[in-house]
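A quick write-up on the structure given underneath.
The values are calculated or read from the model by the stated rules, or taken from the named source; none is laboratory data. All of these numbers come straight from a predicted model, not from anything done at the bench. Quick reminder, even Gly has a Cβ in these numbers, built from the backbone with ideal geometry, and neighbours come from all protein chains shown. Side chains are part of the model used for accessible areas, which takes the heavy atoms of the whole protein and leaves out ligands, DNA and RNA. Shrake-Rupley method; radii C 1.70, N 1.55, O 1.52, S 1.80 Å.
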Amino acid sequence: MKNAFFTIALLIVSNIFMTFAWYGHLKLQEMKIISSNTPLYAVILLSWGIALAEYTCQVPANRIGFIGNGGVFSLMQLKVIQEAITLIVFTLFTVVFFRGEALHWNHFAAFACLIAAVYFVFMK
């Protein structure tokens, strides 16, 4: 059970870094920290730097959590958990940092489908 908790915690941290790597530059641009004229290669290098932190959590999470390494999750379970965490982290990031983005009924319907996916992947 300790491996499961540690795996999920690492996946959450990993997804926080991933979300900032993928979308953080948009918020930095909105805050005028970087401009729309910032060269794309500079934005990519910044994102890669953040993504390195993501990988330092993602890879150990998968390694620790994988049933073949003494963990408790199959590969399919790890992937679906990761996708569910990604959606939750992205939603929180969007609502908190991009206040212009609103949640609508269809977003909640999609969340319900993802919860169902997590349920089905763990079904025996």
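Ignoring everything except DSSP H segments at least 4 long, calculate the 222 nm mean residue ellipticity for the chain; use -39,500 (n - 2.57) per segment, divide by total residues, nearest 500. Mind dumping the intermediate values first?
Working: 4 runs with 96 residues, N = 124.
After summing the helix terms and dividing by residue count, I get -27500 deg cm²/dmol.
With a probe of 1.4 Å, find how much accessible area the chain has per residue, and write the answer as a whole number in Å². Intermediate results must be reported in sequence, preceding the final value.
Values: 8400 Å² over 124 residues.
I get 68 Å² per residue for this part.
Which whole-angstrom value gives the distance between the alpha carbon centres of the range 83-98 and the range 55-73?
One Cα centre to the other: 23 Å.
Could you order Ile85, Ile12 by accessible surface area, starting with the largest, using a probe radius of 1.4 Å? Walk me through the intermediate numbers first.
Details: Ile85 20, Ile12 70 Å².
Listed by decreasing accessible area, they come as Ile12, Ile85.
Which of the trypsin sites (Lys or Arg not before Pro) across the range 27-86 are loop residues per DSSP, with 11 or fewer other Cβ within 10 Å?
Details: sites: Lys27, Lys32, Arg63, Lys79; in loops: Lys32.
Qualifying residues, ordered by number: Lys32.
Carbon-plus-sulfur fraction of the accessible area of the range 1-52, 1.4 Å probe, in percent?
Details: 2700 of 3590 Å².
That fraction is 75 percent.
Calculate the spin-label point distance for Ile67 paired with Ala112, positioning each point 7 Å from the Cα along the beta-carbon direction, and give it in nanometres.
Calculated label separation equals 3.0 nm.
Taking θ = phi - 60°, what integer Hz values does the Karplus form 6.51 cos²θ - 1.76 cosθ + 1.60 yield along the range 34-48, in sequence order, with x for Gly and Pro?
Rounded to whole hertz, the list is 10, 9, 5, 8, 4, x, 4, 4, 5, 5, 5, 4, 4, 5, 5.
If each residue of separation counts as 0.36 nm, what is the full-extension length gain between Val95 and Leu40 once their alpha-carbon separation is subtracted?
Numbers: separation 55, 0.36 × 55 = 19.80 nm, distance 2.56 nm.
Additional length available on full extension: 17.2 nm.
5 Å is the cut-off here: which amide hydrogens, built 1.01 Å from N in the peptide plane, fall below it relative to Ile34, excluding neighbours closer than 5 in sequence?
Gln29
Over the residues of the chain, compute the C-alpha Rg and express it relative to 2.2 N^0.38 Å. If you can, show how the numbers build up before the last one.
Values: Rg = 16.5 Å, N = 124, 2.2 N^0.38 = 13.7 Å.
Ratio of Rg to 2.2 N^0.38 Å for the chain: 1.20.
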